[in-house]
Amino acid sequence: MSDKYHDVRDEDVYRAKVGDTAYPIRETLSDDNGPIDLSGCTVIFRMTGPGQAFSASATIDNAPAGLVSYDWSAGVPDKPGLWLREWEITTGAGKKATIPSFREGYPCIISPQIG
């Protein structure tokens, strides 16, 4: 399963079930000028939701194209509800930018498992 991703675009709502960890989330980070070149950068993936927040290092899959991914760790997210996600870029010079920059975060809907 490691070669499959849950690809989302900026405005897409990411949807998953509590405890789903099989498919990494992958996005192209962009601004008004198109994809952000992430060469020499590091990226942190963040989510905040019902009484919980977490952050972890993201993988830069294609730096010139701005393509990043986050491989879920077991049990995260572990509560159903509306979550928000964002990506924090740190340049080699130490400057930071958060995507999205125009609102609180991109929506994620985490549904409970049936049964």
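Since every read-out is calculated from the coordinates, none of them should be taken as a lab result. Predicted model, so just to flag it, every value in this text is computed and none were measured. Positions of Cβ are generated from backbone atoms using ideal geometry, with glycine treated the same way; all protein chains shown enter the neighbour counts.
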Farthest toward the dipole's positive end in segment 6-111, which of GLY81, TYR106, LEU67, given Cβ charges of +1 (Lys, Arg) and -1 (Asp, Glu) about the Cα centre? GLY81
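Are there trypsin sites (Lys or Arg not before Pro) in segment 29-115 that DSSP puts in a loop and that have at most 12 other Cβ atoms within 10 Å, and which ones?
Details: sites: ARG46, ARG85, LYS95, LYS96, ARG103; in loops: LYS95, ARG103.
Taking segment 29-115 and a limit of 12 other Cβ atoms within 10 Å, the loop trypsin sites (Lys or Arg not before Pro) found are LYS95, ARG103.
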Take peptides 28-35, 59-66 and line them up by average Cβ neighbours within 10 Å, highest first, as a rough protection proxy. 59-66, 28-35
Ignoring GluC sites (Glu not before Pro) buried by more than 12 other Cβ within 10 Å or outside DSSP loops, the longest site-free run in the chain is 12-103
According to the Cα gyration tensor, what semi-axes, each the square root of 5 times an eigenvalue, does the equivalent ellipsoid of segment 48-96 have, listed from largest to smallest in whole Å? 25, 13, 9
Would you grab the residues whose amide H sits under 5 Å from the one on LYS17? Only those 5+ places off in sequence or on another chain, please, with H modelled 1.01 Å from N. SER111
What FRET efficiency would be calculated for the residue pair ASP31, ALA56, taking the C-beta separation as r and a Förster radius of 30 Å, to the nearest 0.05? 0.85
Pairs of Cα atoms under 8 Å, at least six residues apart: use those to get the relative contact order of the chain, whole percent. 31 percent
